[in-house]
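Participant: Below is one structure. I have some questions about it.
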Ligand code: GA4
């Protein structure tokens, strides 16, 4: 075994092995779906069943809306550390640096984590450093939550669940728990001192607890997704598309027909990466249980009954990489 001397700045941050081509069938690439095309709902379900992720193209969200938020975020993250710290530490909301969640996970990033209220605006409970950043987040989230809702409608339709809004209404509910985060992964020049087969963890591998996550990034690579056979594949950056990732709650609601996708981000040695992710979560009191239409005659649910409130509480006391659904499986 080769033991690597890790530069002290990376002390608490783990290294990851770069994906290797390995065996198995070649990965055809991240499926792209135009939600307005005929057959979109079947394409969404097919991608979610096979991979747990896909990208939405031709989504109608004006490029300027994402660009404006990206520019605001870049300006915020460029501010002096003391100023940024005044909007944190994220526990769980606000500005955070390196520390992810409360249970010891660390990554090569800084971020803003914000709660979104029903009017698609940043909730009063979330510290936002400036009104221009707040406006840019509100405008962006207002647009991107529509993409999340369309995806959930496509899933319901593609699976033959009626009504069409059976899933999307969980997120439209007045008490729904929507979260938004902007991540900034600074370049990590220390990477150049590590062997090619090694990367530095930007955001460690995990699944998202919510129904779906809608991610947009700048042009810097770093996102990787796990295939069903455990192989990791890089997701080429695409500023014009949204990557949709199935979360744990959608896995349960579909009784495991769709599975949440593990994903992670690795640091880049030269270029900063900026990503913005909208997490579509239901109301705390929402029961998360297989939709009756998806249970065949006599078929049992694979998970014990719980509410989103129960699940979120358990999730927030777990480590990032834990399999959070395991304790709920029957
Ligand atoms: C993963 C998805 C979202 O980014 C997030 C994360 C949350 C956090 O950053 O505080 C968690 C993580 C996420 C799941 C397990 C717990 C909670 C960090 C962590 C170790 C905002 C979310 O909802 O769950």
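Participant: Specify the residue with the greatest mean-square fluctuation among 206, 59, 297, computed from a Gaussian network of the chain linking alpha-carbon atoms under 10 Å apart.
Facilitator: It is 297.
Participant: Okay, moving on. When the Cα centres of region 270-330 and region 85-154 are compared, how far apart do they sit, in Å?
Facilitator: Region 270-330 and region 85-154 have Cα centres spaced 19 Å from each other.
Participant: To one decimal place, what orientation-averaged projected area in nm² is obtained for the convex hull of the Cα set of region 268-317?
Facilitator: Values: hull surface 25.5 nm².
With every direction weighted equally, the projected area is 6.4 nm².
Participant: Highest first, please rank the peptides 82-88, 309-315, 250-256 by the mean number of other Cβ atoms sitting within 10 Å of their residues.
Facilitator: Going by the mean number of other Cβ atoms within 10 Å, highest first, we get 250-256, 309-315, 82-88.
Participant: So what's the angle, to the nearest 10 degrees on a 0 to 90 scale, between helix 131-159 and the longest Cα principal axis of the chain?
Facilitator: The helix 131-159 is inclined about 40 degrees to the chain.
Participant: Which peptide among 257-268, 278-289 comes first, and what is the full order, when sorted by highest mean count of other Cβ atoms within 10 Å? Could the numbers behind the result be given before it?
Facilitator: Working: 257-268: 23.1, 278-289: 20.2.
Sorting 257-268, 278-289 by mean packing, highest first, produces 257-268, 278-289.
Participant: By what distance, in whole Å, do the Cα atoms of region 95-244 stretch along each of the three principal axes, largest value first?
Facilitator: 54, 42, 32
Participant: Quick check on region 27-328: of the DSSP beta bridges with both residues there, what percent are antiparallel, nearest 5%? The partial results should precede the final answer.
Facilitator: Working: 46 of 49 bridges.
The antiparallel fraction comes to roughly 95 percent.
Participant: To continue, here is another question. Take the eigenvalues of the Cα gyration tensor for region 1-74, scale each by 5, and report the square roots as semi-axes in whole Å, largest first.
Facilitator: On the way: eigenvalues 246, 122, 14 Å².
Output for region 1-74: semi-axes of 35, 25, 8 Å.
Participant: Counting pairs of alpha carbon atoms under 8 Å apart in space and at least six apart in sequence, what relative contact order in percent does the chain give?
Facilitator: Details: 684 pairs, mean separation 68.4, N = 330.
Computed value for the chain: 21 percent relative contact order.
Participant: Go through 191-201, 167-177, 136-146 and give me the packing order, highest mean Cβ count within 10 Å leading. Write out the running numbers ahead of the final one.
Facilitator: On the way: 191-201: 16.0, 167-177: 18.4, 136-146: 21.1.
Most protected by this proxy first, the peptides run 136-146, 167-177, 191-201.
Participant: How compact and how long is region 27-328, expressed as Rg and Dmax of its alpha-carbon atoms in Å?
Facilitator: Over region 27-328's Cα set, Rg and Dmax evaluate to 18.4, 61 Å.
Participant: Here is a further query. Can you give the angle from 0 to 90° between the axis of helix 63-77 and the longest principal axis of the chain, with both taken from C-alpha atoms, to the nearest 10?
Facilitator: Relative to the chain, helix 63-77 is tipped by roughly 40 degrees.
Participant: From Cα pairs below 8 angstrom and at least 6 apart in sequence, can you work out the relative contact order of region 61-121, rounded to a whole percent?
Facilitator: 21 percent
Participant: Per DSSP H run of at least 4 residues, take -39500 (n - 2.57); add these up for the chain, divide by its residues and hand me the 222 nm value, nearest 500 deg cm²/dmol. Let's see the in-between values first.
Facilitator: Values: 7 runs with 80 residues, N = 330.
My calculation for the chain gives -7500 deg cm²/dmol from helical runs alone.
All of the numbers you see were taken from the coordinates with simple rules; none came from a lab. Treat the numbers as computed from the prediction; the structure is a model and nothing was measured. Note that each Cβ is placed from the backbone with ideal geometry, even for glycine, and that neighbours are counted across all protein chains shown.
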